[in-house]
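The structure under discussion appears below in the form of structure tokens.
The values are calculated or read from the model by the stated rules, or taken from the named source; none is laboratory data. This is a predicted model, so every value here is computed, not measured. Neighbour counts are summed over all protein chains in view; Cβ atoms, including those assigned to glycine, are modelled from backbone coordinates with ideal geometry. Protein only, heavy atoms only, side chains kept; ligands, DNA and RNA dropped before computing areas. Shrake-Rupley method; radii C 1.70, N 1.55, O 1.52, S 1.80 Å.
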Amino acid sequence: QVQLVESGGGLVRPGGSLRLSCAASGSIVSSDAMAWYRQAPGLQRELVAGVTGGGSTNYADSVKGRFTISRDNAKNTVSLQMNSLKPEDTAVYYCNLKRLLSNLGTRNYWGQGTQVTVSS
């Protein structure tokens, strides 16, 4: 089983920075992809940033140039550095791990989420 635990959320002023961390435990494999999603009140959960097992990254257009996802495979952690934060970044942020199955597609694991609030 895989367990994901997020940390680092909080209240920050517009233009400020925040760093989220996700610690993964369990049977993690190198091919697992990891990502950060977020869900604002009343809205659907959306992909913020992702990183493959090989280190390739992708970002939502709304956060490009401001957010950076990084992964430490040795420690089984993934982080999200958020700079130039905007009020619209306010959401619950979730850590995600996507595992490729042998012949049935993928399996997703989720953390419990951490609240990020950007407000003056």
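In the P(r) worked out for the chain, what percent of Cα pairs fall beyond 21 Å?
That tail contains 34 percent of the Cα-Cα pairs.
Starting from the coordinates of the alpha-carbon atoms of the range 37-81, obtain the Kirkwood hydrodynamic radius over all distinct pairs and give the value in Å to one decimal.
11.5 Å
Using the heavy atoms of the protein chains and a 1.4 angstrom probe, tell me the accessible area per residue for the chain in square angstrom.
That works out to 53 Å² per residue.
Among all the lysines, which ones have a C-alpha under 18 Å from Lys64's C-alpha, if same-chain residues fewer than 8 places away are not counted?
Reachable lysines: Lys86.
Please sort by residue number the trypsin sites (Lys or Arg not before Pro) in the range 59-120 whose DSSP state is loop and whose Cβ has at most 12 other Cβ atoms within 10 Å.
Passing both the DSSP loop test and the Cβ count: Lys64, Lys75.
Quick one: if you stick a label point 7 Å off each Cα along the C-beta vector at Asp72 and Ser120, how many nm between them?
3.6 nm
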